[in-house]
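*Asks:* First the structure, then my questions, so here it is.
Each reported figure results from applying straightforward, stated rules to the coordinates on display, with no laboratory input. Just so you know, these numbers come straight off a predicted model, no measurement behind them. Note that each Cβ is placed from the backbone with ideal geometry, even for glycine, and that neighbours are counted across all protein chains shown.
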Amino acid sequence: MLTIALTKGRILKETLPLLEQVGITPEEDIAASRKLVFATNRSDVRLVILRGSDVPTFVQFGTADVGVSGKDVIMEHGGNGFYEPLDLKIARCRLMTATVKGRDDINARLRVATKYVNIARHYYAEQGRQVELIKLYGAMELAPIMELADEIVDIVDTGNTLKANGLEARETIADISSRLIVNKASMKLNHAPIQQLISDLAAVV
């Protein structure tokens, strides 16, 4: 049995058509169900639906053999315990810094709000800038508006949410897309079916 971990939301919507092109479809409508584990048209493949931040962990520990995860989540996780053989080129966006529009009076020691604390720590350290990191789980745009932080580090797609809240994107940390990740032990034990999946997906990507 090959277990594939998928990320809820936009990534799931864009991953399912790719899987369908390589002959894997869930036996029921995932969007209409509260279930988290789904059988597929193939008896040797099942799908597990997870929060995005949990996909790398499930793959790292071998609970899932394969997963689809955003590059931002992989970077924050650290990438231990799995391979990253394929860029699926879906759910594209950018990981950026942002602050109040027109602001240029930022202190030498920044206060930065983000859920990507590991990425942010590494990014600012590379620039030689001292930062105080504040971990938030949502509504990042409020942090500069309410003066909780000078900047935020967050995913930017269209930038419309930033503009609507009087913020502007500044520096790009990374271009983000969704990647196929594979547990290292599974790659050895189930090499043939996993390699076939990688090859099939690479062909449709």
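*Asks:* Classify segment 1-102 as rounded, prolate or oblate, taking a ≥ b ≥ c as the square roots of the eigenvalues of its Cα gyration tensor: rounded when a/c is under 1.5, otherwise prolate if a/b is larger than b/c and oblate if not.
*Replies:* prolate
*Asks:* For segment 104-205, which GluC sites (Glu not before Pro) are in a loop by DSSP, counting at most 13 other Cβ atoms within 10 Å?
*Replies:* Glu147
*Asks:* Let me ask something additional. Only Cα pairs within less than 10 Å get springs; with that Gaussian network setup on the chain, which residue of Ala192, Ala149, Ala98 has the largest fluctuation?
*Replies:* Ala192
*Asks:* If you don't mind, another one. Count the DSSP beta bridges whose two residues both fall in the chain, then state the antiparallel fraction as a percent rounded to the nearest 5.
*Replies:* Restricted to the chain, the bridges split so that about 60 percent are antiparallel.
*Asks:* Report the net charge of residues surrounding Arg121, where surrounding means a beta-carbon distance below 13 angstrom and charges are Lys +1, Arg +1, Asp -1, Glu -1.
*Replies:* 0
*Asks:* Now a separate question. For segment 1-42 and segment 174-205, what is the centre-to-centre distance using only Cα atoms, to the nearest Å?
*Replies:* 16
*Asks:* Counting pairs on different chains as well as pairs 8 or more places apart, how many Lys pairs in the chain have Cα atoms under 25 Å apart?
*Replies:* Lysine pairs meeting the criterion: 24.
*Asks:* Another one. Within the set of other residues whose C-beta is less than 13 Å from the C-beta of Ala192, count the net charge using Lys and Arg as +1 and Asp and Glu as -1.
*Replies:* It works out to a net charge of -2.
*Asks:* Residues with beta-carbon under 9 Å from that of Arg94, excluding Arg94: net charge, scoring Lys, Arg +1 and Asp, Glu -1?
*Replies:* Neighbourhood net charge equals -1.
*Asks:* Okay, moving on. Using Cα springs under 10 Å in a Gaussian network model of the chain, which residue among Ser186, Ser33, Ser178 shows the largest mean-square fluctuation?
*Replies:* Maximum fluctuation in the GNM of the chain, among the listed residues, is at Ser33.
*Asks:* Also, quick follow-up: By how many degrees, 0 to 90 and rounded to 10, does the Cα axis of helix 191-204 deviate from the longest principal axis of the chain?
*Replies:* That works out to roughly 60 degrees.
*Asks:* Separate question: Could you identify which residue out of Lys184, Lys101, Lys13 has the top mean-square fluctuation in a GNM of the chain using Cα springs shorter than 10 Å?
*Replies:* Lys101
*Asks:* So how tilted is helix 117-126 from the main axis of the chain? Cα-based, degrees 0 to 90, rounded to 10.
*Replies:* Rounded to the nearest ten degrees, it is 60.
*Asks:* Taking the Cα atoms of the chain, what is the range of coordinates along each of the three principal axes, in descending order and whole Å?
*Replies:* Over the chain, Cα extents along the principal axes are 59, 34, 28 Å.
*Asks:* If one takes the longest principal axis of the Cα atoms in the chain, at what angle in degrees, from 0 to 90 and to the nearest 10, does the Cα axis of helix 10-21 lie?
*Replies:* 30
*Asks:* If the only charges are +1 at each Lys and Arg Cβ and -1 at each Asp and Glu Cβ, what is the size of the charge dipole of the chain around the Cα centre, to the nearest 20 debye?
*Replies:* 240
*Asks:* Right, something else. Per residue of the chain, what 222 nm ellipticity follows from adding -39500 (n - 2.57) for every DSSP H run with n ≥ 4, rounded to the nearest 500?
*Replies:* -8500 deg cm²/dmol
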